Amino acid sequence: PRVCVVGSGPAGFYTAQHILKHHGGALVDIYEKLPVPFGLVRFGVAPDHPEVKNVINTFTQTAHSERCAYYGNVTVGRDVTVPELQQAYHAVVLSYGAEDNRVLGIPGEDLPGVYTARAFVGWYNGLPENRDLQPDLSSETALILGHGNVALDIARILLSPLQLLRKTDITDSSLAALACSKVKRVWLVGRRGPLQVAFTIKELREMINLPGARAVLDPADFTGLENAVKDASRPRKRLTELMIKTALEKPVEMKAAAAGAAAPREWGLKFQRSPLEVLPSADGKRARGIRLALTCLEGSGDSAKAIPTGDVEELECGLVFSSIGYRSLPLDPAVPFDSQRGVIPNSSGRVEGVPGLYCSGWVKRGPTGVIITTMNDSFDTAQSVLEDLQGGVLDLSPSREGFGLVESILHSRGVRPVSFLDWEKIDAAEVARGKAAGKPREKIVDPAEMLRIIGH
């Protein structure tokens, strides 16, 4: 059987890996719109978290299997349609992730100085579409809307000492921009309370221990929480206890301050505030602050809802990031899509009403969870494919040409795919450039340059 996977991030690779491992004869082709593979492992994981990127070694092993092929530089839905893939393959799995972001839907969200978390993370991680972002970091105060790990990543990158970032694979141009950054203070704002934050303890601890930055947490935000958290899950309990401990610690007035040195950078968490409007500067040309509605919580735990109290407050900040989640987009008119939830309607990865079509990862379950969540989710979809292959649900009688058919379609449309061997040449070039600068790699951010390196 010939199986095709669309998207080469964790969902795509884990789906391929599971099918290859548990079906001795299956051939799997992976399609990717960029020349380079690995999706959010390359473009989403923070540069100072290299250990999280180790899964790339496993994905590379999968790509090296003689029953697996990688075709980069192919945009499914434009260069080749999903129905065309269905004609070429016995099963098609859509694992293309979430390439858009949720919008705030408030006035002023399009002002200069307001950025989505997705674009900013893409910028410092070398995602080609965000390479020209040029974020304006001239404001002393930045505000991030959202209490997830991505929000903490952004705060950490904004406040990290440069010597720490210099040793990572952060892009050269981002490093240069951060070197001139005026940002000294970062507020992370959430609609709900401390018991509903979505970040995890590892990321919070890293932020608390960040050299040269101090945490500013208001003890009043945590009053009575020791009791409320008694029945919570262990991770939630430990996370809340760490926030309480940090809030109650008396700040150690740095010795440097006594010596007349500049005050350290700082960051803090603000709770029960919902954005109403980004406020424009007097000339209307950029963001100067934000108006927030104060909220109270109805219900408790994860299901608590934030209800506006009628009170509002304004905060001065020339830099605003909205980190309220990623969003999947429909890929092809032939594929059903639930635009309300931003997912492909499915059951255990089987796309509703379209036999032979599957989905895995964020486009299947929504943009939540870490790489391990995506792994389990992808194995679940792969299992559905294997069951359908073995249970005679899929018609295996017709000879499907796989890439043979797709290649002629791409050729007729002037599209030249990039192989995994090609990617390894780009990889080698990046590592060599990085070595010269004392970094693990220097990412190439221009697809045209990637193609030049491999002689396309």
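The values are calculated or read from the model by the stated rules, or taken from the named source; none is laboratory data. Remember, it's a predicted structure, so these values are computed and weren't measured experimentally. Neighbour counts run over all protein chains shown; Cβ positions are idealised from the backbone, glycine included. Note: areas computed on protein heavy atoms with side chains; ligands, DNA, RNA excluded. Shrake-Rupley method; radii C 1.70, N 1.55, O 1.52, S 1.80 Å.
Summary of values
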{"read-out": "37 °C / 0.692 mPa s Stokes-Einstein diffusion coefficient of region 389-434, Kirkwood radius on C-alpha pairs, µm²/s", "value": "235"}
{"read-out": "Label-point gap, in nm, between Ser412 and Ala448 - each point 7 angstrom along Cα→Cβ", "value": "3.0"}
{"read-out": "Asp302 accessible area, 1.4 Å probe, all protein chains in place, Å² to nearest 10", "value": "110"}
{"read-out": "Degrees, to the nearest 10: 10-22 long Cα axis against longest axis of the chain", "value": "40"}
{"read-out": "Amide H contacts under 5 Å for Gly289, placed H, 5+ residues apart", "value": "Leu279, Cys317"}
{"read-out": "12 Å cut-off, amide nitrogen to a point 7 angstrom out along Lys182 Cα→Cβ, residues in region 129-158", "value": "136-142"}
{"read-out": "Residue-level accessible surface for Ile290, protein heavy atoms, 1.4 Å, Å²", "value": "0"}
{"read-out": "Average accessible area per residue (Å²) across region 1-101 - probe 1.4 Å, nucleic acids and ligands excluded", "value": "31"}
{"read-out": "Compactness of the chain as Cα Rg over 2.2 N^0.38 Å, two decimals", "value": "1.05"}
{"read-out": "Theoretical gain in end-to-end length, Asn209 to Gln390 [0.36 nm per residue, Cα-Cα removed]", "value": "59.9 nm"}
{"read-out": "Between region 169-194 and region 9-52, the alpha-carbon center distance in angstrom", "value": "28"}
{"read-out": "Count of Lys pairs (Cα-Cα under 16 Å; at least 8 positions apart or interchain) in region 103-322", "value": "4"}
{"read-out": "Per-residue HN-Hα couplings for region 235-243 [Karplus 6.51, -1.76, 1.60; θ = phi - 60°; Hz; x = Gly/Pro]", "value": "x, 5, 5, 5, 4, 5, 4, 5, 5"}
{"read-out": "Region 103-322 shape via C-alpha gyration tensor axes, a/c threshold 1.5", "value": "oblate"}
{"read-out": "Debye-sum result for region 135-249 in log10 I(q)/I(0), which assumes one identical scatterer on each alpha carbon, at q = 0.15 Å⁻¹", "value": "-0.70"}
{"read-out": "Kirkwood Rh in Å, taken over all unlike Cα pairs in region 332-405", "value": "13.5"}
{"read-out": "Within region 418-456: backbone nitrogen closer than 20 Å to the Thr75 label point (7 Å, Cα to C-beta)", "value": "418-419, 445-452, 456"}
{"read-out": "Linear extension gain, Glu241 paired with Lys435, 0.36 nm per residue minus alpha-carbon span", "value": "65.7 nm"}
{"read-out": "Rounded accessible area of Ser173 (nearest 10 Å², 1.4 Å probe)", "value": "70"}
{"read-out": "Per residue, in Å², the accessible surface of region 103-322 once ligands and nucleic acids are set aside, probe 1.4 Å", "value": "48"}
{"read-out": "Per-selection Kirkwood Rh - region 345-456 (Cα, Å, 1 d.p.)", "value": "17.8"}
{"read-out": "Accessible-area ranking of Arg236, Arg452, Arg416, largest first, probe 1.4 Å", "value": "Arg452, Arg416, Arg236"}
{"read-out": "Using alpha-carbon coordinates, inclination of helix 403-412 to the longest axis of the chain, degrees", "value": "80"}
